[in-house]
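Below is one structure; the comments refer to it alone.
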Amino acid sequence: MTPKERYKKLKEHLLEENPILVEVIDEYKTLDTIAREIGLLTQNQTYTASISWWPLIAILGTFSAGKSSFINEFLGKRVQETGNQAVDDKFTVICYTKKDDLVTLPGVALDADPRFPFYNISKEIEKLDPNEKNINRYLQLKAVNSENIKGKILIDSPGFDADLQRDATLRITRHIIDLSDLILIFFDARHPEPGAMRDTLNHLVEVAKNHADSDKVLYILNQIDTCSKEDNLEEIIGAWQRALSQKGIVSGKFYAIYNETAASIENPALQERLKKKKDQDLAQIKEKMDKVLIDRAYRIVKNVEFRAKEILQLTPKLRQLLVSLRNKVLVADLVFLLMIVSIFTWISIQIQNTNVWMGLIITGVILFIALHFKAKSFIAQKMAKKIEPNDLRRAFLKQSRWFRSLFTAQPLKKRKKEQLEELINNSQRFIQKLNDQFISMKKNHENQENSSF
């Protein structure tokens, strides 16, 4: 998909769910154009691909932790199959649709749609297994008509405790964790001992603890109704907290919930206590899930400012590299010039012929030009190997191509710099629009709640 096609597709979807962000697409187009001229992006790259445009909520854990029941309850519809055994071996991406019936599509639909976190994920899977061409083995898409999912994307992990497809599954899981706005890791209250946190669950915790924002990782102890006979909820929570602390996670809150329709608690007093705990924690979880919609909108706008500032910070480094290249090439040119003049002067002395002398001059000039471009290419390639990050290296190689003059080491023109500064200022304007939008939404929500009493 070309950047132009991506812009168009994003605008079409945003018109339905958040029209304010449609205007931001044009800001990204300007940003991309500048970055491509400098060389920070290729012609097929766009900064719109560096961030997911729909809030991602990852729901991870083993197959027995009650993830599917939680998702069905959240959506208000039976979307995922439930059971004590693994009932699904694929990652399921769940999004909103206006259609009344549940729509299920194969993984290739995700691989080709830039809205989703698995856009072009087939390339990553092929890196792991060059013989694996069937993306449908790992992914599927479900679209459901539920207001709770509107403007968001849920990702449900499979029950992948088995070794089959383990490497590819864990690779996809890491990819999900890196992109997600909110990560819900489910633990099974029926296995309270720290030893239960092994294999896949252990991997999830190890990766999640390195997430850029630890507040975005929620640890959920599900099916706490199973402790009703022993009445030891505090002990179970304590055991899991100790297990997490052994992995280096000392912060973060544990949420305790259960499926009320499937629970069977004989003691009325204990039932009331567990229900109160469940209702409180579930309300907090859902509040955080709703909040990602707001957070993501701000992040999309702030990403324009971040990328613009990044370009402004990288271009002085790029200029220094180009100046260094120029100096090295000029030194090489001086050496070549001295060598050619010395050799050809000696030859002209030995052969006293005007025609030969003119031929030597022409040959010397051609040889010098050839050596100059060869040296420029060699020095640029050698310097590029040491340049980080990749986008700066890419820009350096573009700016140092053979037809580029060594004496125009200014990759960012004045007009482009002004455009970047304008983009930074515009991001503040968009944030003000978002503030007005979400304040209005909050007031409407409060008015609806008051009118219901």
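The values are calculated or read from the model by the stated rules, or taken from the named source; none is laboratory data. All figures in this text were calculated on a predicted structure; none of them were measured in a lab. FYI the Cβ positions are ideal-geometry reconstructions off the backbone, even for glycines, and counts take in every protein chain you see. Areas reflect the complete protein model, heavy atoms only, side chains present, ligands, DNA and RNA absent. Shrake-Rupley method; radii C 1.70, N 1.55, O 1.52, S 1.80 Å.
With the Cα gyration tensor of the range 300-408 giving a ≥ b ≥ c as the square roots of its eigenvalues, does the rule (a/c under 1.5 for rounded; else a/b larger than b/c for prolate; else oblate) give rounded, prolate or oblate? Numbers along the way, then the final one.
Working: a/c = 4.55, a/b = 3.90, b/c = 1.17.
It is prolate, given that a/c is not under 1.5 and a/b is the larger ratio.
Near ILE369, within a Cβ-to-Cβ distance under 14 Å, what is the net charge of the other residues, with Lys and Arg +1 and Asp and Glu -1? Could you put the intermediate results ahead of the total?
Details: positive: LYS374, LYS376; negative: ASP333.
Overall, the nearby charge balance is +1.
What does the convex hull of the Cα atoms of the range 1-59 come to per residue, in Å³, rounded to a whole number? Numbers along the way, then the final one.
On the way: hull volume 5.1 nm³, N = 59.
Convex hull of Cα atoms, per residue: 87 Å³.
Across 5 Å bins from the origin, how do the percents of Cα pairs in the range 350-432 run, short distances first?
P(r) over the range 350-432, rounded to whole percents: 3, 11, 13, 13, 12, 10, 9, 8, 6, 5, 3, 2, 2, 1, 1, 0, 0.
When only Cα pairs under 8 Å and 6 or more residues apart are kept, what is the percent relative contact order across the range 300-453? Each step should come with its number before you reach the end.
Working: 80 pairs, mean separation 62.4, N = 154.
Averaging sequence separation for qualifying contacts and normalising by length gives 41 percent for the range 300-453.
Strictly over 22 Å apart at the Cα level, which of LYS152/LYS275; LYS216/LYS291; LYS123/LYS382 would you flag in this model?
Details: LYS152/LYS275 28 Å; LYS216/LYS291 11 Å; LYS123/LYS382 29 Å.
In this structure, LYS152/LYS275; LYS123/LYS382 exceed 22 Å between Cα atoms.
Per 5 Å bin, what is the whole-percent P(r) computed from every C-alpha pair distance within the range 1-122?
Pair shares across the bins are 2, 9, 16, 18, 18, 13, 9, 7, 5, 2, 0, 0.
Shape of the range 30-73 from its Cα gyration tensor (a ≥ b ≥ c, root eigenvalues): rounded if a/c is under 1.5, otherwise prolate when a/b > b/c, or oblate?
Judged from the Cα gyration tensor, the range 30-73 comes out prolate (a/c at least 1.5, a/b above b/c).
Which entries of LYS29/LYS413; LYS77/LYS288; LYS142/LYS302; LYS302/LYS416 have Cα-Cα distances beyond 24 Å here? Walk me through the numbers on the way to the answer.
Working: LYS29/LYS413 18 Å; LYS77/LYS288 20 Å; LYS142/LYS302 30 Å; LYS302/LYS416 19 Å.
Checking Cα-Cα distances, LYS142/LYS302 exceed 24 Å.
Suppose all protein chains stay in the model; what accessible area per residue would a 1.4 Å probe give for the range 364-445, in Å²? Intermediate values should be presented prior to the final figure.
On the way: 5410 Å² over 82 residues.
For the range 364-445, the per-residue accessible area is 66 Å².
From Cα pairs below 8 angstrom and at least 6 apart in sequence, can you work out the relative contact order of the range 1-109, rounded to a whole percent?
Working: 51 pairs, mean separation 16.4, N = 109.
The normalised contact order for the range 1-109 reaches 15 percent.
May I ask you to list the lysines whose Cα is less than 18 Å away from that of LYS414, ignoring any residue fewer than eight positions away on the same chain?
Qualifying lysines at Cα under 18 Å: LYS309, LYS317.
Output the peptides 139-149, 427-437 sorted from most to least packed, where packing is the average of other Cβ atoms within 10 Å over each peptide's residues.
Descending packing order for the listed peptides: 139-149, 427-437.
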